[in-house]
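Report on the structure given below.
The values are calculated or read from the model by the stated rules, or taken from the named source; none is laboratory data. The structure presented is a predicted model; accordingly, all values stated were derived computationally and were not measured. Ideal geometry is used to build each Cβ from the backbone, glycine not excepted, and the neighbour counts take in all protein chains shown. Please note that ligands, DNA and RNA were not included when accessible areas were found on the heavy atoms of the full protein model with its side chains. Shrake-Rupley method; radii C 1.70, N 1.55, O 1.52, S 1.80 Å.
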Amino acid sequence: CLMLSGQMGRRLYDPAAPFPQGRAPDDQLNAVDHFFAKLLGLAGSMQTAAGRAEGERRTQFMRQFLEQLASEVAPGGMDGL
């Protein structure tokens, strides 16, 4: 996600609002917003129990990444997301 967004010339996040709190995610502009627009919801669209389980495992990994990023760039963290 991050590499492709960079290749497409998109920034990592909006410096004024790194996470889409109080605004709609804009994944055409910000790589981090794509997590909220699509990636975090993929587990629920898996068709098999094994797929859903793997999707949940990967969703947890993405949330951990986002929480770490928030601790570095967003004073309020990811509260409410």
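Any idea how many residues of region 25-49 are of a type outside the set (F, W, Y) and closer than 16 Å to L12 by Cα?
Residues of region 25-49 that are of a type outside the set (F, W, Y), as a first pass: 25-34, 37-49.
Subset that is closer than 16 Å to L12 by Cα: 25-34, 37-39.
Qualifying residue count, region 25-49: 13.
Please specify each residue of region 1-44 satisfying the condition of being open to solvent by 60 Å² or more (accessible area, probe 1.4 Å), closer than 19 Å to F61 by Cβ and small (G, A, S).
Residue satisfying the conditions is G44 alone.
Just give me the residues in region 16-30 being closer than 19 Å to P75 by Cβ and either touching a residue at least 40 places away in the same chain (Cβ under 8 Å) or within 11 Å of the chain's Cα centre (by Cα) (or both), in sequence order.
Pass one, region 16-30, residues closer than 19 Å to P75 by Cβ: 16-23, 30.
Correct list: P18, F19, P20, Q21, N30.
For region 31-63, what are the residues that are within 18 Å of A74 (Cα to Cα) and out of contact with any Lys or Arg (no Cβ under 6 Å at 6 or more places or on another chain)? Before the answer, list the steps.
Going residue by residue through region 31-63, those that are within 18 Å of A74 (Cα to Cα) are 31-36, 62-63.
Residues satisfying the conditions are V32, D33, H34, F35, F36, M62, R63.
Testing V73 on (1) modelled with pLDDT under 95; (2) touching a Leu at 6+ places or on another chain (Cβ under 8 Å); (3) loosely packed, with under 15 Cβ neighbours inside 10 Å, one condition comes back false. Which one is that?
The one condition V73 does not meet is (2).
Filter region 14-40 down to the residues that are outside any loop (DSSP other than H, G, I, E, B) and within 19 Å of L4 (Cα to Cα) and list them by number.
Hits for region 14-40 are D14, N30, A31, V32, D33, H34, F35, F36, A37, L39, L40.
Any idea which of T48, T59 is β-branched (V, I, T) and within 12 Å of the chain's Cα centre (by Cα)?
T59
Which ones in region 46-70 are open to solvent by 30 Å² or more (accessible area, probe 1.4 Å) and aliphatic (A, V, I, L, M)?
Hits for region 46-70 are M46, A49, A50, A53, M62.
Report every pair of residues separated by at least 6 positions or lying on different chains whose Cβ atoms are under 9 Å apart, first residue within region 67-81 and of a type in the set (V, I, T) and in a helix (DSSP H, G or I), second open to solvent by 30 Å² or more (accessible area, probe 1.4 Å) and at pLDDT 70 or above.
The qualifying pairs are V73/L12; V73/Y13; V73/P15.
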